[in-house]
Amino acid sequence: MSNVINEQATGHAHHDHHHPAKGFKRWLYTTNHKDIGSLYLIFSLTMFLIGGAMAMVIRAELFQPGLQLVDPHFFNQMTTVHGLIMVFGAVMPAFTGLANWMVPMMIGAPDMALPRMNNWSFWILPFAFLILLASLLMPGGGPAFGWTFYAPLSTTYSNDNTALFVFAVHIMGISSIMGAINVIVTIVNLRAPGMTWMKLPLFVWTWLITAFLLIAVMPVLAGAVTMVLTDKYFATSFFDAAGGGDPVMFQHIFWFFGHPEVYIMILPAFGIISTIVPTFSRKKLFGYASMVYATSSIALLSFIVWAHHMFTTGMPVAGELFFMYATMLISVPTGVKVFNWVATMWRGSISFEIPMMFAIAFIVLFTLGGFSGLMLAITPADFQYHDTYFVVAHFHYVLVTGAVFSIMAGAYYWLPKWTGNMYNETLAKWHFWLSLISVNVLFFPMHFVGLAGMPRRIPDYALQFADFNAIISIGGFAFGLSQLLFVLVVFKCARGGEKAPAKVWDGAEGLEWEVDSPAPYHTFETPPEIK
Amino acid sequence: MNQNYEKYYVPAESPWPIVGAIAMFLIAVGAGLTVMQVSGEGSSGQYVLYLGIAILVYMVFSWFRNVIEESHKGLYSAQMDRSFKQGMGWFIFSEVMFFMAFFGALFYARMISVPWLGGAGNNAMTNEVLWPTFEAVWPLLTTPAGETTQAMGWQGLPLINTLILLTSSVTIHFAHVAIENNKRGALKVFLSLTVLLGVIFLGLQVYEYMHAYQDLGLTLDAGVYGNTFFLLTGFHGMHVTLGTIILFVVLLRIFKGHFTSEKHFAFQAAAWYWHFVDVVWLCLFVFVYVL
């Protein structure tokens, strides 16, 4: 990757029919990966705020013991839709947006391989979430069975609007699959000459593997919701023992999707961190090849660990042991990654720009979430932790201080490239420190209340948990408010600011820094030569 | 190899993706409301569903028309062709995984949930206390709740249908050979035969369903045997229907003189899809009917 001869042909004017349409039609009709990337990112930020508002409702209700503000059924809808929105509406589209913006630029391609399908996969998403959110306002309310929609909660005991949830999930799954096919085909087929596999930036590698996981498991989710639909409305008994089925079968099918899904939400984060840490350490990434192999191993292992979500369902002991050891095995490649990041920083000439601060916070806090995951992997210990706030603490550490922090890091890292302007450093620092402190006030005490036995997804709790929950809620409100600062930073950056040079960060490597900031509407119409 | 990169082709802006997104929105809302009516409540959603399907069909036709025109203008490079092929390959892989979910349910029911209900493993008490008269056999003809049905044998129609689909796989292969050797006459014959075999298969499948409902009492809600039977064969049937339509459109295009011995992506994609549908049927025949 070091000797990049820059032959970008942004000045060539032979593609005159590709000027964007004027006004809003540009955004509806676009085939441009940068436009679509921006759409994904804006959509994701919007959903992040909506899902966050629901988290605020949850924390407000839990601020004090007893039922205070909302009725328990509504509380259930909030936990459910908060989860669905954050997973499918915020984190996944944010990564897809980053992939759209960055993958073609990183591999020296002019655009995604299938640009029109790219636009289609984006525009399905707002409609899918419109259905999901609208169902909250319908008589009977929205989905209230948890984002995992376990049978029989989603079949026998769900409200009549469940069909809308099912079809909303169907179309967001179609969107994800089309997006993933596009990413794979782009990476396999559109690399510039000389961009060989082991020269690919790690963000591209991690997204390639993520896209494979998406195509492999999103259809399984479609199958799961379909069986929920027929069980609920057409009297089948896949998940009903009276007809020869089994509610536990639902959990197997769901988590066969659900566990790779977890890695779908974290592998691109690994790619972002592996991009940012070398830049601000001014060193090459330590152990590039091992990073590639570790990512692939994590992806393969993700298919054989699903039942660690179900240790308390009464599986045979042999099964519990298998899934326990397989799960623990994942900590090996994950450990390789963490050590590689640390080794990259070792004796580096480190500077602490905002992306780097988020990246370092990621490494520490994601590792913490990984450790609590290791605790949960131990079957007998999990009997104690299952369905408590310990689990909530665990997955919020890996998803908020993990996935979301990496997205923030990536956003700060590439914002100057997207907008052509530097962000406001002071505001960004406020955003970082407020987020870092509040997120730990928010999630760290959850470990303790969880270990002490407070169950998740319940609007009320025993008096002994009152103090901790008040602290958690204050952390939650502070974290929620801090994100408004992020919106402000992004907004201001898009409007103007100090002009950014082509190579925004002096230690950065990669083709995206060879083009102007902001990146021209079309890049690499003639492929660059990579040596 | 390098000359493929000389000029990239990025397709122009198009209204069809957003039209398609609106169509899918209407389909999702319409299907949701229609299904909700099944259990008694909800408003009339089927018109929304039909509207959505109509817009989707219109969108697919218009989008493909644009693509075909662009292809005929020679705008597409070899690289674009590879992108299409790889995209189709991954789409078929996603379809395979969709069927895997239902095969997984079938295997789980056969190997785990039904034996457990019959007391296998450490589940003696499940059987003794909850369903004392239940016996674990497959096909599951008497559910734990006591509903009874009859099994669909494999010897009659299903065997004929298997032979029909296998034959159609051969005919489409001959059609493929014909298009590559530019034998248009043989191509038309073999592709027409394939479409015909697809239609006959579907007709027999409908007949089999009627037989199951009217004579055997094998229905969608007849316990997990009927559930897996109808969802697996039903989704397969939907895919055969789609495949037949695709092949039929390709056939019409061949009669209009489209495709050359070098460039025939649409034909190739349709053929791949047809082979995929075939393989799924073979798995179905073995695991749903025979075993």
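So, in region A:231-241, how many residues would count as being in contact with a Phe, Trp or Tyr (Cβ under 9 Å, 6 or more places away or on another chain), part of a helix (DSSP H, G or I), within 7 Å of another protein chain (Cβ to nearest Cβ) and over 18 Å from residue B:115 (Cβ atoms)?
So the first thing to find is which residues in region A:231-241 are in contact with a Phe, Trp or Tyr (Cβ under 9 Å, 6 or more places away or on another chain), and the list is A:231, A:236, A:238-239, A:241.
Right, trim to part of a helix (DSSP H, G or I) and you get A:231, A:241.
Then drop every residue that is not within 7 Å of another protein chain (Cβ to nearest Cβ), which leaves A:241.
Still in the running and over 18 Å from residue B:115 (Cβ atoms): none.
Count: 0.
Here is a check on your reading of the model: is residue A:48 farther than 19 Å from residue A:490 by Cα and either touching a strand residue (DSSP E or B) at 6+ places or on another chain (Cβ under 7 Å) or not acidic (Asp, Glu) (or both)? Walk me through how you get there before you give the answer.
Working: farther than 19 Å from residue A:490 by Cα: no; either touching a strand residue (DSSP E or B) at 6+ places or on another chain (Cβ under 7 Å) or not acidic (Asp, Glu) (or both): yes.
In short, no.
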Next item on the list: Restrict the check to region A:120-141 and report whether at least one residue is more than 30 Å from residue A:195 (Cα to Cα), among the small types (Gly, Ala, Ser) and in a loop (DSSP other than H, G, I, E, B).
Entry: yes
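Taking residue A:487, is it surrounded by 15 or more Cβ atoms within 10 Å (Cβ to Cβ) and out of contact with any Lys or Arg (no Cβ under 6 Å at 6 or more places or on another chain)? Can you show your working first?
Values: surrounded by 15 or more Cβ atoms within 10 Å (Cβ to Cβ): no; out of contact with any Lys or Arg (no Cβ under 6 Å at 6 or more places or on another chain): yes.
So residue A:487 fails the test.
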Margin query: I'd like the residue in region B:228-242 that is within 10 Å of chain A (Cβ to nearest Cβ) and touching a residue at least 40 places away in the same chain (Cβ under 8 Å) and, out of all such residues, is nearest to the chain's Cα centre (by Cα).
Written below: B:235
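Please state which one of A:210, A:226 is at the interface with another protein chain (Cβ under 8 Å from one of its Cβ atoms) and modelled with pLDDT of 95 or more. Please lay out each step first, then the result.
Details: A:210 fails: at the interface with another protein chain (Cβ under 8 Å from one of its Cβ atoms).
Criteria check complete, one pass: A:226.
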Notebook entry, point to check: Pick from A:221, A:190: which is at pLDDT 95 or above and either more than 7 Å from every other protein chain (Cβ to nearest Cβ) or over 17 Å from residue B:88 (Cα atoms) (or both)?
Noted result: A:221
Notebook entry, point to check: Tally time: how many residues in region A:506-531 are more than 14 Å from every other protein chain (Cβ to nearest Cβ) and in contact with a Pro (Cβ under 8 Å, 6 or more places away or on another chain)?
Noted result: 6
Check: Any idea which residue in region A:377-390 is farthest from residue A:428 (Cα to Cα), counting only those that are among the hydrophobic types (A, V, I, L, M, F, W, C) and surrounded by fewer than 20 Cβ atoms within 10 Å (Cβ to Cβ)?
Finding: A:383
Next item on the list: Go through region A:201-254 residue by residue and tally those that are touching a residue at least 40 places away in the same chain (Cβ under 8 Å), among the charged types (D, E, K, R) and touching a Ser or Thr at 6+ places or on another chain (Cβ under 7 Å).
Entry: 2
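Name the one entry in A:127, A:165 that is closer than 29 Å to residue B:18 by Cα, surrounded by 24 or more Cβ atoms within 10 Å (Cβ to Cβ) and among the aromatic types (Phe, Trp, Tyr). Lay out the reasoning, then the answer.
Values: A:127 fails: surrounded by 24 or more Cβ atoms within 10 Å (Cβ to Cβ).
Residue meeting the stated conditions: A:165.
Identify the residue in region B:113-122 that is free of Cβ contacts under 8 Å to residues at least 40 places away in the same chain and crowded, with 18+ Cβ neighbours inside 10 Å and, among all such residues, is farthest from the other protein chains (Cβ to nearest Cβ).
So the residue we want is B:119.
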Margin query: Checking the condition over 30 Å from residue A:340 (Cα atoms), modelled with pLDDT under 95 and not hydroxyl-bearing (Ser, Thr, Tyr), which residue from A:141, A:173 passes?
Written below: A:141
Next item on the list: Working only within region B:207-219, note down all residues that are crowded, with 16+ Cβ neighbours inside 10 Å, under 18 Å from residue B:285 (Cα atoms) and within 21 Å of the chain's Cα centre (by Cα).
Entry: B:208, B:209, B:212
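Considering only helices (runs of 4 or more DSSP H) fully contained in region B:169-287, which possess at least 2 residues that are of a type in the set (S, T, N, Q)?
Working: elements: B:184-211, B:223-255, B:265-284.
In region B:169-287, B:184-211, B:223-255 are the helices (runs of 4 or more DSSP H) which contain 2 or more residues that are of a type in the set (S, T, N, Q).
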Check: With respect to the numbered conditions (1) farther than 30 Å from residue A:181 by Cα; (2) within 12 Å of chain A (Cβ to nearest Cβ), which one is the sole condition not fulfilled by residue B:99?
Finding: (1)
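Do we find that residue B:200 is loosely packed, with under 15 Cβ neighbours inside 10 Å and either touching a helix residue (DSSP H, G or I) at 6+ places or on another chain (Cβ under 8 Å) or free of Cβ contacts under 8 Å to residues at least 24 places away in the same chain (or both) in this structure?
On the way: loosely packed, with under 15 Cβ neighbours inside 10 Å: no; either touching a helix residue (DSSP H, G or I) at 6+ places or on another chain (Cβ under 8 Å) or free of Cβ contacts under 8 Å to residues at least 24 places away in the same chain (or both): yes.
Spelling it out, it is not the case that residue B:200 is loosely packed, with under 15 Cβ neighbours inside 10 Å and either touching a helix residue (DSSP H, G or I) at 6+ places or on another chain (Cβ under 8 Å) or free of Cβ contacts under 8 Å to residues at least 24 places away in the same chain (or both).
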Checklist line | Condition check for residue B:105: under 20 Å from residue A:313 (Cα atoms) and in the same structural domain as residue B:212 (by the TED database) | finding: yes
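Out of region A:157-178, which residues are assigned to a loop (DSSP other than H, G, I, E, B) and within 8 Å of chain B (Cβ to nearest Cβ)?
Initially, region A:157-178 is screened for residues assigned to a loop (DSSP other than H, G, I, E, B), giving A:157-161.
Listed by number, the residues that qualify are A:160, A:161.
The values are calculated or read from the model by the stated rules, or taken from the named source; none is laboratory data. These numbers were taken from a predicted model, which means no experiment stands behind them. Backbone-built Cβ (ideal geometry, glycine too); neighbour counts: all protein chains shown.
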